[in-house]
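Student: Quick one: structure below, then a few questions.
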Amino acid sequence: MKKLQFEITINAPCNVVYNSIIDAQYFEEWTAPFSPTSRLKGNWEKDSLMRFLSTEENNNICGMICNVKENIPNQFLSLEYIGTINENKDIFDGKEVKEFKGGLENYTFTSIGEKTHLQIDTDSLDIHVEYFLKMWPIGLEKIKNISEDKNNKFYQ
């Protein structure tokens, strides 16, 4: 696996950025460039399972299963890839899972006054590197736009 790093500075406090990333409604917005049907199922508590789902054209539900390895609100979130979802079934073993099992996706939130520096460190299979190099910057811009919107519910 290759290690990739993406970062952006957002004109919003860490709590707004953090909550905009994990909120189910905003999650669907910022992950839409990766998959227009992207959604999540689970909770963000440490050691919980989180399912990142998409629906394919044939209505097959697919996605990734992660363990929430660490969750320090407004500071750090770590997800460990442990399985996949294909044809509506959870898959935790086999060749398809072995390639990426144990990979991490880490979100680090650093306060810079009223701004947030967001750094994402993620492991990627070689075949997905080009895709992620293209898509993560788009996703980060979406997070920035959502977080900086004064109508964002986390400013209330």
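The values are calculated or read from the model by the stated rules, or taken from the named source; none is laboratory data. Just so we're clear, the structure is a prediction, and the values are computed from it rather than from any experiment. FYI the Cβ positions are ideal-geometry reconstructions off the backbone, even for glycines, and counts take in every protein chain you see.
Student: Which of (1) surrounded by fewer than 13 Cβ atoms within 10 Å (Cβ to Cβ); (2) modelled with pLDDT of 95 or more does Cys14 not meet, given it meets every other one?
Tutor: (1)
Student: Filter the strands (runs of 3 or more DSSP E) completely within the range 1-116 down to those with at least 1 residues that are within 22 Å of Phe132 (Cα to Cα) and not hydrophobic (A, V, I, L, M, F, W, C). Can you show your working first?
Tutor: Working: elements: 2-10, 39-42, 49-55, 61-72, 76-86, 89-91, 104-112.
Those strands (runs of 3 or more DSSP E) span 2-10, 39-42, 49-55, 61-72, 76-86, 104-112.
Student: As an exercise: evaluate Thr84 against (1) β-branched (Val, Ile, Thr); (2) touching a Lys or Arg at 6+ places or on another chain (Cβ under 9 Å); (3) buried (at least 17 other Cβ atoms within 10 Å of the Cβ); (4) modelled with pLDDT under 95 and give the number of the one condition it does not meet.
Tutor: Only one criterion in (1) β-branched (Val, Ile, Thr); (2) touching a Lys or Arg at 6+ places or on another chain (Cβ under 9 Å); (3) buried (at least 17 other Cβ atoms within 10 Å of the Cβ); (4) modelled with pLDDT under 95 is unmet by Thr84, namely (2).
Student: Looking at the range 92-137, which of the residues that are over 13 Å from the mean Cα position of the chain (by Cα) and among the aliphatic types (A, V, I, L, M) is modelled with the lowest pLDDT?
Tutor: Ranking the qualifying residues of the range 92-137, first place goes to Ile127.
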